[in-house]
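Q: Dumping the structure here so I can ask a few things about it.
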Amino acid sequence: MSKLKLVEVTKSYSTKEGPLPVLEQISLEVRGNQFVSLVGPSGCGKSTLFNIICGLVKQDSGSILLEGEEKTKPGDLISYMPQKDLLLPWRRVIDNVILPLKLAGVSTADAVREAMGLMDVFGLKGFERRYPWELSGGMRQRAALMRTVLAKKDILLLDEPFGALDAITRFKMQSWLLQVWHRFKRTVLFITHDVEEAVYLSDKIYVLSQRPGRIKLEVDVPLARPRIPGMITGAHFVKIKEKILKSIDA
Amino acid sequence: MGVKYRYPLIFTAGFLLLWESYVYFTGKEKWLLPAPSDIAAAFPGMLPLLVEHGRYTLLAAVVGFALAIAVALLLAVLMDISPVLRQGIYPLLVISQTIPIISVAPLFIIWFGYGLLPKVIVVALVCFFPLVVSVIQGMEAVDRDMVNLLRVMGASTWQIIKEVKLPAALPSFFAGLKIAGTYSIMGAVIGEWLGAAKGLGLFMTRAMHSYQYDRLFSAIIVVSLLSVLLFMIIEVIGRLVIPWHYKKGE
């Protein structure tokens, strides 16, 4: 079943020099429990697309269907994790991750109880009472992801969550994200400019062009699950990666 | 005493020494310009009187300061919620600061008598402007992405103000508090200067009229000490309330 569907979404910003087209006729589909990635060069309008899906920015034309319908409050179904971790510096880790539950009206005691049970899964056990500035970059991203997952929305939009991490931390986080995704069974739309990351994580990949962003290529990734690090050097993996890289260059 | 205090102490001692020798070598009359040693000699005898009057001044300053904080927070939040209020009130706020307090303070005495109230009003008038400006600027400086994130989470306008904008404004608010706090004692003294039954302002006008300038300077010392004390209290509270602001850079 189609969880999230974009039909010919187009957006341009007005500037002094006239309209600046950012997104052109973007159509894509994410089915339930699928992991789908958007790959594209920086400045291709990926973040604008996420803002449109979240309802923060209005598209000029086209429609966004959540479970087959246009929603006035996409936030009811979507949980968004931006590039920056955006943890509130005045809240401790535990208070940060329960924020979406609190906003939804869950009592603090219930929210804390639920979050405490998951601290281990997110590798934050023992750090519940720390402040965000006391955590490493990887831990901050895990806390941000935990907050996103705890919002209990069906669809997770992840905007380059590992973009600012070093290569080793990044690789660990990818494997770990897959475990989390398996465990919580959510639908994921993932933005990245790292082709290998996209192939390793996804069921399906959309390649976006330079601005104005258009869908250049749609690739299925039929690699077996669970994914293991050894797959990255496998012939099938490399072939998919090459196909995407060629499309980006073209 | 750390190295931190070495230069302030040396320069203060140097200044007092210059003053002392100026009075000594020019042979200025004690009633015209008392030397630091004259003031120091008069100070202990003055202390009971200064404490007696200082209590009233401190009370007026603290109550007026508290009133200013309440009004400033309320105005800042209202102006953040409503652009109409913001555009309408801002010029009035600026104009209120161009009115010479000294010219309207006697009116307050006519309207409200010689008691505490007119002093409290003068203090509040002097203090609230830097506070409103600091809160508004702090709220404006909030990370837009944080606000957007909470919006996607379904937060209401008030929840966004409470969870993000006001906490984000705290460092700026505390900068404003330090400025306003040091003004507050001075504001109370001005209020008392123009008519009071008790207070350092009254004590100073009396000393002034009877050419007892060693008394006047003793009162000035108390005013300065009280102002610095308030400043330091605010600084300490700030370190407790906004630890992230102080820790981030370390």
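Q: For segment B:95-168, which helices (runs of 4 or more DSSP H) that fit wholly inside it have 1 or more residues that are more than 14 Å from chain A (Cβ to nearest Cβ), under 30 Å from B:Lys198 (Cβ atoms) and of a type in the set (A, V, I, L, M)?
A: So the answer is B:101-112, B:116-140.
Q: Would you pick out the residues in segment A:16-41 that are out of contact with any strand residue (DSSP E or B) (no Cβ under 7 Å at 6 or more places or on another chain) and either without any contact (Cβ under 8 Å) to a residue 24 or more places away in the chain or farther than 20 Å from A:Val219 by Cα (or both)?
A: A:Lys16, A:Glu17, A:Gly18
Q: Does B:Gly187 satisfy the condition of being in contact with a Ser or Thr (Cβ under 9 Å, 6 or more places away or on another chain), crowded, with 21+ Cβ neighbours inside 10 Å and either modelled with pLDDT of 90 or more or more than 14 Å from chain A (Cβ to nearest Cβ) (or both)?
A: no
Q: B:Arg206 - would you say it is within 14 Å of another protein chain (Cβ to nearest Cβ) and farther than 12 Å from B:Thr57 by Cβ?
A: When the stated conditions are applied, B:Arg206 does not pass them.
Q: I've got another one for you. Take A:Thr169 and decide whether it is touching a residue at least 12 places away in the same chain (Cβ under 8 Å) and within 12 Å of chain B (Cβ to nearest Cβ). Quick ask: steps written out before the conclusion?
A: Working: touching a residue at least 12 places away in the same chain (Cβ under 8 Å): yes; within 12 Å of chain B (Cβ to nearest Cβ): no.
Judged against the criteria, A:Thr169 is not a match.
Q: Taking only pairs six or more apart or across chains, which ones have beta-carbon atoms under 8 Å, a first residue in segment A:174-203 that is free of Cβ contacts under 8 Å to residues at least 40 places away in the same chain, and a second residue that is among the aliphatic types (A, V, I, L, M) and assigned to a helix (DSSP H, G or I)?
A: Short answer, once both residue conditions are applied: A:Gln174/A:Leu201; A:Leu177/A:Leu145; A:Leu177/A:Leu201; A:Phe184/A:Val149; A:Tyr200/A:Met231; A:Tyr200/A:Ile232.
Q: When you scan segment A:5-94 for strands (runs of 3 or more DSSP E) that lie fully inside it, which ones turn up with 2 or more residues that are more than 17 Å from the chain's Cα centre (by Cα)?
A: Numbers: elements: A:18-31, A:35-39, A:61-66, A:78-81.
Answer list for segment A:5-94: A:18-31, A:61-66.
So that you can scan it fast, the table gives a plain yes or no per residue for (1) in a helix (DSSP H, G or I); (2) closer than 20 Å to B:Leu32 by Cα:
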position: B:Gly195; (1), (2): no, no
position: B:Phe203; (1), (2): yes, yes
position: B:Leu229; (1), (2): yes, no
position: B:Ile234; (1), (2): yes, no
position: B:Ile237; (1), (2): yes, no
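Q: So in segment A:92-117, with the set limited to residues that are under 25 Å from B:Leu170 (Cα atoms) and free of Cβ contacts under 8 Å to residues at least 24 places away in the same chain, which one is surrounded by the fewest Cβ atoms within 10 Å (Cβ to Cβ)?
A: Filtering first and then ranking leaves A:Thr108.
Q: Still on this structure, I have one more. Can A:Ser209 be described as within 17 Å of A:Ile232 (Cβ to Cβ), away from chain B (no Cβ under 14 Å) and touching a residue at least 40 places away in the same chain (Cβ under 8 Å)?
A: no
Q: Let me ask something else. Condition first: closer than 29 Å to A:Lys3 by Cβ, facing another protein chain (nearest Cβ under 9 Å), under 16 Å from the mean Cα position of the chain (by Cα) and not charged (D, E, K, R). Can you find one or more residues in segment A:102-113 that meet it?
A: Checked segment A:102-113: no residue is closer than 29 Å to A:Lys3 by Cβ, facing another protein chain (nearest Cβ under 9 Å), under 16 Å from the mean Cα position of the chain (by Cα) and not charged (D, E, K, R).
The values are calculated or read from the model by the stated rules, or taken from the named source; none is laboratory data. The model shown is predicted, which means the values in this text are computed figures rather than measured ones. Neighbour counts run over all protein chains shown; Cβ positions are idealised from the backbone, glycine included.
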